[in-house]
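Here is the structure we will look at.
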DNA sequence: TTGCTTGTTGATCATCTGATCATCGGAAAC
DNA sequence: GTTTCCGATGATCAGATGATCAACAAGCAA
């Protein structure tokens with residue numbers, strides 16, 4: 001009925017701490033950061049009092065959960081690989097999003113990130129600012145530099161990103177059925193996005209640069225942005 | 001310091017109930033469904049005991065909040081308008097997403113929907129199934145019927161949808177700066193999506209149907225889908 | 001004014017929750 | 001075997017939380 005086997009008492013402190021953090025990641029991902037220390041302790045197979053031998057407060061335990069889940073998930077070499085122009089641009093973007101989604105499309109990452117976001121944790125804003133500045137902005141530059149595509153603004157990059165991340169939201173937040181293999185869906189999103197940035201099929205001639213679509217778009221990245229509430 | 005003016009005691013029951021629900025929508029959107037009845041009562045400018053004259057339990061109050069926030073937000077005539085082929089397809093899709101986002105891009109809708117989703121409410125799954133079946137599927141049919149576009153599968157429709165909804169998530173869940181006017185961003189997303197479905201600029205000739213891109217895509221909508229956890 | 005109806009309140013209950021502490025007992029050191 | 005160390009536990013505390021209830025008082029009718 002329980003699932004978690006009661007381990008031998010008197011464990012090595014490091015192993016015990018590890019056991020608690022692992023259980024906490026799983027538990028808080030499921031019920032949210034408002035989960036109780038008692039339920040968590042039961043899942044971890046320890047007494048509630050023992051939690052306070054390893055963490056001085058619940059907040060500190062949550063902090064350890066954040067570190068475990070979020071720290072080191074983004075590999076720094078992704079940015080370099082994104083800029084490696086010896087590889088075709090579409091392949092670079094596909095490779096990146098393949099790696100990126102492999103890193104964050106987990107029950108624990110997705111849900112704890114969303115719980116934390118709703119709770120107003122600054123962590124989320126820092127993380128997403130980093131995504132925008134260090135990942136999406138370089139991607140936009142590479143797209144503009146690569147070739148028949150027009151330069152996307154940041155909102156367009158966020159639309160690409162959101163379309164992909166939303167798959168994880170459907171799966172792990174709303175727990176809806178999603179394709180087992182996300183790779184083809186994601187690759188298709190990237191390629192469709194690029195195709196949407198390519199100049200349209202010309203009516204007759206096919207020489208000059210993109211010219212006809214000057215009307216739309218209020219200006220590259222001039223739209224004012226404000227915080228809401 | 002308070003903001004909410006203490007109303008005259010002995011209010012009309014309907015008005016009082018209305019006052020409580022309105023405060024509850026605002027309060028639960030901010031702190032989540034785990035918020036306390038005492039804090040809510042304080043915000044509503046009533047005593048905690050009074051809540052239980054109008055709602056037999058906290059769960060019933062939450063139910064009233066759900067009804068208030070979600071009921072009747074989706075206008076049924078949107079589907080008909082989506083299928084009205086006297087209007088150009090891109091305009092129809094833009095109009096739809098303009099109406100749709102006007103309805104759901106609010107602090108209360110976005111956040112309560114997300115809190116409920118994380119809490120595992122069946123409401124979210126029902127709602128999103130409806131979105132898929134009654135909105136995205138017809139949209140896909142219209143796209144396929146309309147014109148130079150290839151037929152998108154449902155995952156592609158969810159990618160379009162996610163890219164747009166993610167703007168609301170950034171704004172209301174993560175509270176990040178977003179463009180004040182979402183209309184041009186959304187319209188651009190729709191048009192870029194359609195452009196990405198259009199046949200690529202042909203090398204020389206331009207007559208035949210789409211033929212070259214047969215390789216990709218494992219099959220229209222055959223990819224197996226499973227629930228996760 | 002008197003009296004009734006009923007919206008409203010402060011007090012209170014049982015339970016839950018984060019946190020503390022004296023005590024217990026397994027394992028290594030001697 | 002005995003001692004010592006320290007990981008682990010059960011009991012417990014103070015405050016929070018959902019829910020209840022007797023009592024109060026505003027509005028209305030007679």
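Please treat every number below as a calculation from the coordinates, not as lab data. Every value quoted in this text rests on a predicted model; they were computed, and no experiment measured them. Virtual Cβ from ideal backbone geometry, glycine too; neighbours counted across all protein chains shown.
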**Q.** Relative contact order (percent, whole number), the range B:1-112, Cα cutoff 8 Å, 6+ residue spacing
**A.** 30 percent
Q: Pull out a ≥ b ≥ c, the square roots of the eigenvalues of the alpha-carbon gyration tensor of the range B:107-193, then state rounded if a/c is under 1.5, prolate if not and a/b is larger than b/c, and oblate in the remaining case.
A: oblate
Q. Measuring from a point 7 Å out along Cα→Cβ, what nm distances, shortest first, does residue A:63 have to its partners in the other copies?
A. 4.2
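Among B:187-195, B:147-155, A:124-132, how do they line up from the highest to the lowest mean number of other beta-carbon atoms within 10 Å? Don't skip to the answer; put the middle values down first.
Working: B:187-195: 21.9, B:147-155: 17.7, A:124-132: 16.1.
The most tightly packed comes first, giving B:187-195, B:147-155, A:124-132.
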Q | Simple spin-label estimate for residue A:91 and residue A:73 in nanometres, 7 Å along Cα-Cβ | A | 2.9 nm
Q) Contour minus end-to-end for residue B:39 and residue B:81, with contour as 0.36 nm per residue of separation and end-to-end as the Cα-Cα distance? A) 10.8 nm
Q) For residue B:122 and residue B:10, what does the FRET efficiency come to when R0 = 51 Å and r is the distance between their Cβ atoms, rounded to the nearest 0.05? A) 0.85
**Q.** Computed over the range A:106-184: relative contact order in percent, which uses C-alpha pairs under 8 Å that are six or more apart
**A.** 28 percent
Q) Once a ≥ b ≥ c are taken as the square roots of the eigenvalues of the Cα gyration tensor of the range A:22-64, is the result rounded (a/c under 1.5), prolate (a/b larger than b/c) or oblate (a/b not larger than b/c)? A) oblate
Q. What per residue convex hull volume, in Å³, do the alpha-carbon atoms of the range B:100-142 yield?
A. 64 Å³
Q) Ordered by packing density, taken as the mean number of other Cβ atoms within 10 Å over each peptide's residues, highest first, how do B:89-100, A:43-54 rank? A) B:89-100, A:43-54
(Q) Within 10 Å of each Cβ in A:180-190, how many Cβ atoms from other chains are there, averaged over the peptide? (A) 4
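If you take each beta carbon of peptide B:66-78 and count the beta carbons of other chains within 10 angstrom, what is the mean?
0
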(Q) Can you list the copy-to-copy distances for residue A:10, using a point 7 angstrom from Cα toward Cβ, in nanometres, shortest first? (A) 7.3
Q. When the distances between all Cα atoms of the range B:36-105 are binned every 5 Å from zero, what whole-number percent does each bin get?
A. 3, 14, 17, 14, 9, 9, 9, 8, 8, 6, 3, 0
Q. Taking the label point as lying 7 angstrom from Cα along the Cα-to-Cβ axis, what are the distances from residue A:148 to the corresponding position in the remaining copies, in ascending order and in nanometres?
A. 1.2
Q. Normalised by the number of residues in the range B:20-177, what is the relative contact order in percent for Cα pairs under 8 Å and 6+ residues apart?
A. 22 percent
Q: Would you work out if the range B:37-187 is rounded, prolate or oblate? Take a ≥ b ≥ c from the square roots of the eigenvalues of the alpha-carbon gyration tensor; rounded if a/c is under 1.5, else prolate when a/b is larger than b/c, oblate otherwise.
A: prolate
